[in-house]
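Peer 1: Before I ask anything, let me first share the structure, which is written out below as structure tokens.
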Amino acid sequence: MLKLSNEVKNIFSGLRLVYFGTGTFALPALKALLEAGIKPIVVVTSPDMKVGRDQILTPSPIKAFAVNKNLPLLQPIKLDEEFLGTFKKLQPDIVVLTDYGKIIPQKVLGVPVHGFLNIHPSLLPKYRGASPVENVILNGEIQTGVSIIVVDALLDHGPIVSKRKTKIKETDTAQTLRERLSRVGAELLIKSLPRYLTSKNNPKEQSHDDASFTTQLSREDGKISFAEDAETIERKVRAFTPWPGAYAIWKTADGEKRLKILKASVGQGIASEELSDAVEPPYGLVVKHGPEIGILTSKRILVLHNLQLEGKSPMNAKDFLNGYSQIIGNVLI
């Protein structure tokens, strides 16, 4: 259990807080609020979505958690006038928002006494937008963090309430880094709320000239070009795990197959006998690299440790070679 001072408990007592969230990143903060004795007067999340090949109607992670904890729930399709009327009747003191998935209209932002606070997974003003976690890995950053900001009309633009840094590990994928940042954000929220609510912490305007922006990733972003260097590709593999996934195309006797790269590293080199017939080996050439699989890139070799052929289960490289040894000598595109 969280250890809160009596002063903090008094600040939190009777607080009319509304929580906006949808994805798994939003779960730790909601759990931390409950542990701190703050039960949201309502949780707002996205409508159930059709998921998977069978298009099964599935609740968001936040809805599933809220239902389990018997928390009041709203799932508006739009944050329109009807929602605004319902929201005003709640008379919220403050809203905490993270990983919700919708832009909040100005009319809605103006309802809570203390506004909306957003937990954003980057050190703002850097990496505003939809894919900050993926992009810090893609760009080879050594640290990132979480920013809590007051939400305004522009994307990730509002004044900063607090920040906390964390190192990016060489093995971090977008999934592992996002999970760690979600926990950091939850801790920072509970620490920051009392000072913010009592006006002891004056939010500071961002340095907007230093802002950088990220966009929503698409499935096509995962397509690998082996004309890039191995270090860049290895970062893409980690940044695109679990989605959209890094992949290349293998032209097999049965047609083109998508080959998903689940885990890779940068090799130190390649034995000359492996390229005996290739004066200028093409990018994407598959070679045996010890017990594993190597791919030639524009600089150094990319070593595949885990991969998944379209329609098949994930395998380690050794098992993959046992079943698909004919991949050696092929060129992935």
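Peer 1: Full-extension gain between LYS169 and LYS89, please, as 0.36 nm times their residue separation minus the C-alpha to C-alpha distance.
Peer 2: 24.2 nm
Peer 1: Also: If you take the charge dipole of the stretch 88-137 about its Cα centre, with +1 on Lys and Arg Cβ and -1 on Asp and Glu Cβ, which of ALA130, GLN106, ASN118 is farthest toward its positive end?
Peer 2: Of ALA130, GLN106, ASN118, it is GLN106.
Peer 1: At a Förster radius of 25 Å, what calculated FRET efficiency corresponds to the Cβ-Cβ distance of ASP152 and ARG53, to the nearest 0.05?
Peer 2: The value I calculate is 0.05.
Peer 1: If you don't mind, another one. Can you compute the equivalent ellipsoid semi-axes for the stretch 157-204, i.e. the square root of 5 times each eigenvalue of the Cα gyration tensor, sorted largest first and rounded to whole Å?
Peer 2: 26, 11, 8
Peer 1: For ILE41 paired with GLU81, estimate the spin-label separation in nm (one decimal), with each label point 7 Å from Cα along the Cα-to-Cβ line.
Peer 2: Rounded to a tenth, the inter-label distance reads 2.4 nm.
Peer 1: If each DSSP helix of 4+ residues adds -39,500 (n - 2.57) and the sum is divided by the residues in the chain, what number results at 222 nm, nearest 500 deg cm²/dmol?
Peer 2: -7500 deg cm²/dmol
Peer 1: What's the extension gain from LYS318 to LYS251 if we count 0.36 nm per residue and subtract their Cα-Cα distance? Write down the numbers at each step before the final one.
Peer 2: Numbers: separation 67, 0.36 × 67 = 24.12 nm, distance 2.04 nm.
That pair, LYS318 and LYS251, stretches by 22.1 nm at full extension.
Peer 1: Taking only the alpha carbons of the stretch 149-260, what extent do you get along each of the three principal axes, in Å, biggest first?
Peer 2: 68, 26, 23
Peer 1: With respect to the cross-link table entries LYS39/LYS200; LYS169/LYS236; LYS163/LYS236; LYS163/LYS191; LYS169/LYS191, which display a Cα-Cα separation exceeding 18 Å? Can you show the working numbers first?
Peer 2: Details: LYS39/LYS200 23 Å; LYS169/LYS236 15 Å; LYS163/LYS236 26 Å; LYS163/LYS191 11 Å; LYS169/LYS191 25 Å.
Exceeds cut-off: LYS39/LYS200; LYS163/LYS236; LYS169/LYS191.
Peer 1: Can you give the extra length, in nm with one decimal, that the chain gains between ALA64 and LYS102 once fully stretched, where that is 0.36 nm per residue apart less the Cα-Cα distance?
Peer 2: Separation in residues times 0.36 nm, less the Cα-Cα distance, equals 11.8 nm.
Peer 1: Over the stretch 1-140, what is the relative contact order in percent, taking alpha-carbon pairs closer than 8 angstrom and at least six residues apart?
Peer 2: Once normalised by length, the contact order is 24 percent.
Peer 1: What does the highest-first list of 23-30, 222-229 look like by mean Cβ count within 10 Å?
Peer 2: Output ranking for 23-30, 222-229: 23-30, 222-229.
Peer 1: Note down the magnitude of the dipole of the stretch 124-178 about its Cα centre, charges +1 on Lys and Arg C-beta and -1 on Asp and Glu C-beta and zero elsewhere, to the nearest 20 debye.
Peer 2: Dipole of the stretch 124-178, to the nearest 20 debye: 220 debye.
Peer 1: Further, regarding this structure: Of PHE25, GLN55, GLN75, which is farthest on the positive side of the dipole of the stretch 23-167, counting Cα position, with +1 on Lys and Arg Cβ, -1 on Asp and Glu Cβ, and the Cα centre as origin?
Peer 2: Of the candidates, PHE25 comes out farthest on the positive side.
Peer 1: Computed from the mean reciprocal separation of all distinct C-alpha pairs, what Kirkwood hydrodynamic radius does the stretch 205-325 have, in Å?
Peer 2: 15.5
Peer 1: Assuming R0 = 56 Å, what is the FRET efficiency of TYR283 and LEU34, from their Cβ-Cβ distance, to the nearest 0.05?
Peer 2: 0.60
Peer 1: Between ILE293 and residues 5 or more places away or on another chain, which pairs have amide H atoms under 5 Å apart, with H built 1.01 Å from N, and which residues are they?
Peer 2: Result for ILE293 returns LEU304.
Peer 1: Right, another one. Relative contact order for the chain: what percent, with Cα pairs under 8 Å and sequence separation of 6 or more?
Peer 2: 13 percent.
Peer 1: Okay, next question. Just name one of LEU307, ILE293, GLY323: the one whose Cα is farthest towards the positive end of the charge dipole of the chain (beta-carbon charges, Lys/Arg +1, Asp/Glu -1).
Peer 2: LEU307
Peer 1: How many nm separate the modelled label positions at VAL113 and LEU74, each set 7 Å beyond the Cα in the direction of the Cβ?
Peer 2: 1.8
Peer 1: Oh, and also: Which one is right for this structure if Cα extents along the principal axes in Å is calculated from it: (i) 61, 42, 41; (ii) 63, 40, 34; (iii) 75, 42, 37?
Peer 2: Looking at Cα extents along the principal axes in Å for this model, the match is (iii).
Peer 1: Further, regarding this structure: For the cross-link pairs LYS69/LYS260; LYS63/LYS88; LYS126/LYS288; LYS9/LYS78; LYS223/LYS288, which exceed 31 Å when the distance is taken from alpha carbon to alpha carbon?
Peer 2: Among LYS69/LYS260; LYS63/LYS88; LYS126/LYS288; LYS9/LYS78; LYS223/LYS288, the Cα-Cα distance tops 31 Å for LYS69/LYS260; LYS126/LYS288; LYS9/LYS78.
Peer 1: Further question on the same structure: Could you give the size of the charge dipole of the chain about its Cα centre, using +1 on the Cβ of each K and R and -1 on the Cβ of each D and E, expressed in debye and rounded to the nearest 20?
Peer 2: Around 1360 debye, computed over the chain.
Taken together, the values in this text are just the output of simple stated rules run on the coordinates, not laboratory data. As the structure is a prediction and not an experimental result, all values here were calculated from the model. When we count neighbours, we look across all protein chains shown, and the Cβ atoms used for this are built from the backbone with ideal geometry, even at glycine.
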